Structures are given as structure tokens and as C-alpha cells.
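The structure under discussion appears below in the form of C-alpha cells.
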Amino acid sequence: MLVLRHCRQLVTCAGPAPRRGADQGRLEVIADGALATSGERVVYAGPAADLERTVTIPGDARVVDAREWSILPGFVDPHTHAVFAGDRRSELRRRLAGESYASIAASGGGIVSTVTATRAATEDELTAQARARLDRMLACGTTTCEIKSGYGLDVETELKMLRVVRRLDESHPIDIAATFMGAHDVPIEHRSGRARYLDLVVDEMIPAVAAAGLAEWCDVFCETGVFTADESQRILVAGQRAGLKARIHADELGASGGSQVAAAVGARSADHLIFVPPDGIAAMARAHVVATLLPTAAFYLKLGRFAPARGLIDAGVAVALATDVNPGGGFSPSMPFAVTLACFAMGLTFEEALTAATINAAWSLDRADEVGSLEPGKLADAVLVRGDATDLLHVTTAGTSVIAGVLKRGTFVAGEIGITA
């Protein structure tokens, strides 16, 4: 047994999921709290004064004085593209000089560049590169994440990417949900006959992925110049028929109809939503679609605006947060940075943003029964923050991370606590 007692603050995020409207901002903060785990599971999360009346602490338990730290649920990152090859840092310089993402993509950069490199990479190379990214995510407090394919855009490479995701899920501390996203773009070799590529995704890729059991989710980039709303709906419905649950890149660069598609197919999550129109918000609210927002992507892509998080919450849409780790615009592996931007650029309270990064993010991946909050029976995934919970917004303090330790399935896997406590 591991016991963390007398913590400065304990924020459990306990209760039903997802949180919508005013409930998204309601969090209980327990001063002088305690967290006890047995094996991989939480057995107690509450006031330190009630700990020993609730659980029996064996003589060989590891007991840690946590008075310097606040304890939060491990972060859930429900939207990443963390498996890829290649280097697109030169595009960052072009964006900083004022060139648009669309212009860079039209000149052979963007996804096209990454597809070329990813097709050429071996599974071992992709695994090693992605493992390093996951290590950085873990150090920032992420204990569960999603990873998409989508840099292959052919049957062979899409399956290769998803096999890498499976290898990482089996070998890395972070638990990973796999998403098939062969509809990330239309590859160059199919742009003169895009209907053939749609058929390839629907008739060959989705059946192959489903037969191999390599993905839980199906995603599509519904955007002007990529996939239309009708095309996106066709792909997602085909995925659902094959047993893949739906999520969608929607309304990122313009009002693409993606939010309406999400509602029509009953997608669990619609992501980005920077240009989501009012009727799209209303449709998502009626269909109980989670809005997974990626403020770091809007920040690094220099889009000049962020998703209307305040309006989504006020309309009763459950909001989640994610990093969008990717080679072109998702340069930060840090969920605390996403939380910080959500507060200071999208108008969320700290409580709303923390809910979005934990229990609502877990719900968006259909994992809220296992992770996203600290409650008896759930996985013992936690983040220890130096100081108060709101010190997470500092991201760094004097060049040092505010995260003192990361607990995954009851074991310290990052930070210095596992060494010094």
C-alpha cells in the first residue's frame, strides 16, 4: 500500500461524468487530504483525518508526508498525433515570418512532408521516436492519452502506425487509446481522383484496421480542401459499422460542418472547433458530443483566435482539453500548458480547465470509469504539484517544473518523489 497523507490540497474531480455547464466548474478542494492506493487502484481519497477510520494501513505500507504538494488526478490527453517521423521545424520559421499553414501545405509542407517521412520509417524507428515524446508527456503529468494514425495515408503505413501505437501501449507507462485516421488528408497520388481515395479508406483501410483489432476510434479531418461534411459522415459511419467509435476534427480553420456531422453520427468528441458556428454548438449540446479543445494548436499555428470555450460551456456542451502533440503545430507535450492557455486565452476558470483536462477528457475517450478522477476503485493515476493546485498555471517556476511527481497505476513513474521519498 502507498499512502500520501497531509497533502496541501487534494482535488479528486470525483463524481459523475461528463461535467456540463455550471457543473464543469464545481470541484471540491480538500485541505489536509490523503490518498491511499493498493496495487494499481485507489482505496481512499479524502480528508487525512478520516483516513485510518476508513482503511487499515499495514505495517509495510509506504507512507509519504505530502504536505508540500497538492494532489490532482493524472491528466488525460484525448487528442495527439504522437507517432510520426520527420522534422518540420523549418515550417515554424516560415509561420513566424507570416506564412499561413495553408500556404505551407500547398508548397509540399505540412502533412505531406510528414507522410513521406513516416512511410519511409521502420516500426522500430517510429516506436523509439514516439516513446521519447511519451516520456515528455508523462513528465508533464499525462497518464492516459490518445494517439492517431494518419501520416501513412495508405493501407500498409496506417497499419504500421497503429501497430506502433499498440507496442507503446503495451510497453510505456501511459495508457493509450488508438485512433485510425486514414482520412487525415488526401495523399498526393490520389488528388487527381479523390473519390478513389475515399473508397480506399472506406472499403480497404477501415476493414483492415478493424480485422486486426488495432484501433478503438475512427477520426476524419472535416475541413475545406480536405474532407467535406458528406465525405466525413460517410467515413465515420463506415467506421461505426466496423466497430470503431467516432470522433472528428471539426471547424478548425473555418466552419466546415464538422460539428453538425459529429451530432448526426453521435460522435463522442468533436475536436478543435475554433470556428464552430452557433447551430453547430446547439447540435453538439443536443447530441451530448464532447468539445475537445486544443488551445496549444491555435497558439502555435498563429490562428489569431481560440475556440469559444466559454460559449460551449454556457450552452451545456462538456469541454475537454488536449495538447494536439504533432510535428507541425503541436509542439508542447504539456497538459498544464493547455490548461494555462484555456484559462488565459479562452476564458475558463481554473476549475473548469482542470475538469476539462481530467474527468471530461477521460469521458471523451470512454475511460471515465477507470481514470480522470481519484475515487476508490479507479486506477491510482495522480499528479503531485508543488504548492497549491493553481500553481499548475505557473507551468514552470524559476525554470523548474511545478510537477513534483507522477503516479501511474500506484507507482511513481516521473518526478523526484520516487527517488527521495
| request: Output the residue which, of all residues in region 2-20 that are over 24 Å from R367 (Cα atoms) and of a type outside the set (V, I, T), is most open to solvent (accessible area, probe 1.4 Å). | output: R8
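Answer yes or no as to whether L198 is assigned to a helix (DSSP H, G or I), modelled with pLDDT of 95 or more and buried (at least 22 other Cβ atoms within 10 Å of the Cβ).
Working: assigned to a helix (DSSP H, G or I): yes; modelled with pLDDT of 95 or more: yes; buried (at least 22 other Cβ atoms within 10 Å of the Cβ): no.
Judged against the criteria, L198 is not a match.
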| Count - residues of region 234-260 that are part of a helix (DSSP H, G or I) and in contact with a helix residue (DSSP H, G or I) (Cβ under 8 Å, 6 or more places away or on another chain) | 10
| query | Could you list, in sequence order, the residues of region 75-100 that are crowded, with 20+ Cβ neighbours inside 10 Å and assigned to a helix (DSSP H, G or I)? | reply | E91
| Going through region 294-318 one residue at a time, which ones are outside any helix (DSSP H, G or I) and touching a Pro at 6+ places or on another chain (Cβ under 9 Å)? | F306, A307, A315, A318
| said: Out of V402, V395, V385, I need the residue that is farther than 21 Å from F299 by Cβ and of a type in the set (V, I, T). Which one? | reply: V385
| message | I'm told P376 meets every condition in (1) open to solvent by 20 Å² or more (accessible area, probe 1.4 Å); (2) within 21 Å of L294 (Cα to Cα) except one. Can you identify the failing condition by its number? | response | (2)
| field | Single residue of D23, D60, D32 found to be of a type outside the set (G, A, S), assigned to a helix (DSSP H, G or I) and open to solvent by 20 Å² or more (accessible area, probe 1.4 Å) | value | D23
| Any hit, region 298-307, residues being buried (at least 19 other Cβ atoms within 10 Å of the Cβ), of a type in the set (A, V, I, L, M, F, W, C), in contact with a Gly (Cβ under 8 Å, 6 or more places away or on another chain) and modelled with pLDDT of 95 or more | no
| Hey, A215 open to solvent by less than 30 Å² (accessible area, probe 1.4 Å), free of Cβ contacts under 8 Å to residues at least 40 places away in the same chain and not in a helix (DSSP H, G or I) or not | no
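Looking only at region 394-421, filter to residues that are in contact with an Asp or Glu (Cβ under 9 Å, 6 or more places away or on another chain), of a type in the set (V, I, T) and open to solvent by 50 Å² or more (accessible area, probe 1.4 Å); which one of those is modelled with the highest pLDDT? So that I can check it myself, show each step before the final result.
Within region 394-421, the subset in contact with an Asp or Glu (Cβ under 9 Å, 6 or more places away or on another chain) is 397, 402, 404-411, 414, 421.
Narrowing further to those that are of a type in the set (V, I, T): 397, 402, 406, 411.
Next cut, open to solvent by 50 Å² or more (accessible area, probe 1.4 Å) only: 397, 411.
Values: T397: 58, T411: 96.
Among those residues, the one meeting the criterion is T411.
Do the conditions hold for G110, that is, is it in contact with a His (Cβ under 8 Å, 6 or more places away or on another chain) and buried (at least 20 other Cβ atoms within 10 Å of the Cβ)? Full working, then the answer.
Working: in contact with a His (Cβ under 8 Å, 6 or more places away or on another chain): no; buried (at least 20 other Cβ atoms within 10 Å of the Cβ): yes.
Taking the combined requirement at face value, the residue does not satisfy it.
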| request: Select from region 339-366 the residues that are buried (at least 24 other Cβ atoms within 10 Å of the Cβ), in contact with a Leu (Cβ under 6 Å, 6 or more places away or on another chain) and either in a loop (DSSP other than H, G, I, E, B) or in contact (Cβ under 8 Å) with a residue 60 or more places away in the chain (or both) and list them in ascending order. | output: A356, A357
| query | So which of G258, G280, G311 ends up being open to solvent by 10 Å² or more (accessible area, probe 1.4 Å), at pLDDT 95 or above and small (G, A, S)? | reply | G311
| Can A128 be described as surrounded by fewer than 24 Cβ atoms within 10 Å (Cβ to Cβ) and within 17 Å of G330 (Cβ to Cβ)? | no
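Could you please let me know if E146 is charged (D, E, K, R), open to solvent by less than 10 Å² (accessible area, probe 1.4 Å), in contact with a Phe, Trp or Tyr (Cβ under 9 Å, 6 or more places away or on another chain) and assigned to a strand (DSSP E or B)?
Yes: the conditions hold for E146.
Considering every residue within region 376-394, establish whether at least one is out of contact with any Cys (no Cβ under 7 Å at 6 or more places or on another chain) and either closer than 27 Å to I111 by Cα or among the polar types (S, T, N, Q) (or both).
Yes: region 376-394 contains one or more residues that are out of contact with any Cys (no Cβ under 7 Å at 6 or more places or on another chain) and either closer than 27 Å to I111 by Cα or among the polar types (S, T, N, Q) (or both).
The values are calculated or read from the model by the stated rules, or taken from the named source; none is laboratory data. These figures come from a predicted structure and were not determined experimentally. Note: ideal-geometry Cβ built from the backbone for every residue, glycine included; neighbour counts use all protein chains shown. For the accessible areas, the whole protein counts, side chains as well, though only heavy atoms, and no ligand, DNA or RNA atoms are used. Shrake-Rupley method; radii C 1.70, N 1.55, O 1.52, S 1.80 Å.
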